[in-house]
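Single-structure report; data block below.
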């Protein structure tokens with residue numbers, strides 16, 4: 001008999017899980033990167049297009065989530081749609097395989113962002129060799145410990161962290177508009193033009209924007225722990241996207257007019273200037289003084305923790321769901337005897353993420369985005385088309401089908417092609433390696449693959 005998880009996440013908790021997975025430290029550390037790609041007011045186009053792509057892709061997640069509301073998210077969708085076809089469990093296996101690469105990179109970006117802002121509060125950390133890396137690893141350990149408990153307690157914590165995340169962005173937004181200048185906000189760099197700027201940097205800006213929007217699907221991985229998942233999951237996705245998109249666009253608009261954007265974009269070598277590492281703290285300090293900046297930076301650290309908390313929470317359910325079905329390594333199916341959560345999956349995913357803290361932020365974002373496109377975004381859009389062709393009518397059906405799915409497919413392919421050669425090679429090689437492991441394991445029948 002399969003172990004039974006506890007349904008303890010309602011609509012409020014599902015929205016909270018999505019929000020903390022989306023917001024986190026992301027926009028506060030990547031705004032300089034977006035501005036480095038799309039200068040000045042052009043950066044807003046990246047955020048608007050990112051919101052549109054997130055909404056179209058979110059509709060795909062909403063329909064699939066209502067049709068197959070179990071734990072595991074994409075894994076469950078690919079198994080349900082392709083499992084009985086000739087292609088079998090290969091797409092689902094590749095997704096779980098890539099998850100073992102993607103999630104550590106995602107978590108590492110949050111740990112690195114936490115460490116960068118901790119450097120604002122404790123400048124000595126930046127002067128100690130590997131000081132910020134030690135902080136990042138320590139946060140990773142705390143995240144594992146915080147999630148090592150039952151889902152009902154986690155739902156309450158998720159709601160509190162979601163409120164803290166929203167409060168953090170609101171504080172920075174208020175500070176950015178305290179001394180806002182329309183002239184500063186509208187300034188383009190020397191030689192910049194509207195179309196020329198878009199052609200030069202739209203792809204990279206969209207990669208970064210989508211990195212910040214990702215997480216609107218987090219609750220889908222908790223399907224077996226969600227109350228009325230067929231109704232709750234679609235609603236939680238749409239609410240989270242609209243809420244977070246409004247916050248991101250307002251935040252970017254405010255920061256554009258608060259400080260000259262040229263002061264915190266990446267330097268020619270690719271590194272961020274000091275102002276770029278703590279842009280949100282700098283904006284608050286300029287408007288309300290050092291004491292207010294310290295208080296908001298503390299909130300930023302809570303927000304950063306909220307992000308990695310949400311990511312590890314939902315990601316730990318993916319290998320668990322696959323192993324429970326016999327399609328991944330058996331130990332990942334283990335459930336904590338008392339609190340009924342996948343403890344082995346949680347700990348292993350969390351520990352692997354600590355190693356990824358050694359990479360730089362831009363490398364992390366490009367690599368994980370390229371990998372996500374191949375085995376998750378494109379694969380499940382195809383799965384939706386196949387599901388519709390098979391005549392299955394999901395409880396929730398996307399608006400204007402198939403237009404949103406086609407827009408999402410085109411957007412993800414564009415992002416993949418814009419990720420750069422190293423990230424594209426990483427994505428292709430990791431998928432190829434996963435396919436090799438699948439076929440070798442199938443030939444040896446170890447582990448059982450379906």
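Going by the conditions given, is residue 60 within 25 Å of residue 267 (Cα to Cα), at pLDDT 80 or above and touching a helix residue (DSSP H, G or I) at 6+ places or on another chain (Cβ under 6 Å)?
no
For segment 217-231, which residues satisfy the criterion of being over 16 Å from residue 21 (Cβ atoms), in contact with a strand residue (DSSP E or B) (Cβ under 8 Å, 6 or more places away or on another chain) and in a helix (DSSP H, G or I)?
The answer is 224, and nothing else.
Identify all residues within segment 86-102 that are free of Cβ contacts under 8 Å to residues at least 24 places away in the same chain and under 18 Å from residue 326 (Cβ atoms); write none if there are none.
Listed by number, the list holds a single entry, 87.
Note down all Cβ pairs under 8 Å where the first residue falls in segment 118-143 and is closer than 22 Å to residue 285 by Cα, the second is modelled with pLDDT under 85 and assigned to a loop (DSSP other than H, G, I, E, B), and they're at least six residues apart or on different chains.
As it stands, the answer is 119/278; 120/278, since those pairs meet every condition given.
Suppose we filter segment 68-127 for residues that are surrounded by 23 or more Cβ atoms within 10 Å (Cβ to Cβ) and on the phi > 0 side of the Ramachandran plot; how many remain?
Qualifying residue count for the region: 2.
Which members of segment 224-260 meet the condition of being farther than 30 Å from residue 32 by Cβ and more than 18 Å from the chain's Cα centre (by Cα)?
224, 225, 226, 227, 228, 229, 230, 231, 232, 235
Could you count how many residues in segment 236-264 are in a helix (DSSP H, G or I) and in contact with a helix residue (DSSP H, G or I) (Cβ under 6 Å, 6 or more places away or on another chain)?
So the count comes out to 20.
Which ones in segment 86-114 are under 21 Å from residue 387 (Cβ atoms), touching a helix residue (DSSP H, G or I) at 6+ places or on another chain (Cβ under 8 Å) and modelled with pLDDT under 80?
88
Going by the structure shown, is residue 13 out of contact with any helix residue (DSSP H, G or I) (no Cβ under 7 Å at 6 or more places or on another chain) and in a helix (DSSP H, G or I)?
no
Considering only segment 284-320, how many residues are in a helix (DSSP H, G or I) and over 25 Å from the mean Cα position of the chain (by Cα)?
Qualifying residue count, segment 284-320: 11.
Being surrounded by fewer than 18 Cβ atoms within 10 Å (Cβ to Cβ) and at pLDDT 75 or above is the filter here, so list the residues in segment 256-290 that pass it.
260, 262, 263, 286, 288, 289, 290
Report, by residue number, each residue of segment 384-398 that is under 14 Å from residue 66 (Cα atoms) and either free of Cβ contacts under 8 Å to residues at least 24 places away in the same chain or not in a loop (DSSP other than H, G, I, E, B) (or both).
Matches in segment 384-398: 384, 387, 388, 393.
Among the numbered criteria (1) buried (at least 23 other Cβ atoms within 10 Å of the Cβ); (2) modelled with pLDDT under 80, which one does residue 136 miss?
(2)
Looking only at segment 204-231, count every residue that is surrounded by fewer than 24 Cβ atoms within 10 Å (Cβ to Cβ), modelled with pLDDT of 90 or more and either in contact with a helix residue (DSSP H, G or I) (Cβ under 7 Å, 6 or more places away or on another chain) or more than 29 Å from residue 8 (Cβ to Cβ) (or both) and tell me the total.
Number satisfying all stated conditions: 1.
The values are calculated or read from the model by the stated rules, or taken from the named source; none is laboratory data. These numbers were taken from a predicted model, which means no experiment stands behind them. In this analysis, Cβ positions are derived from the backbone assuming ideal geometry, glycine residues included, and neighbour counts consider all displayed protein chains.
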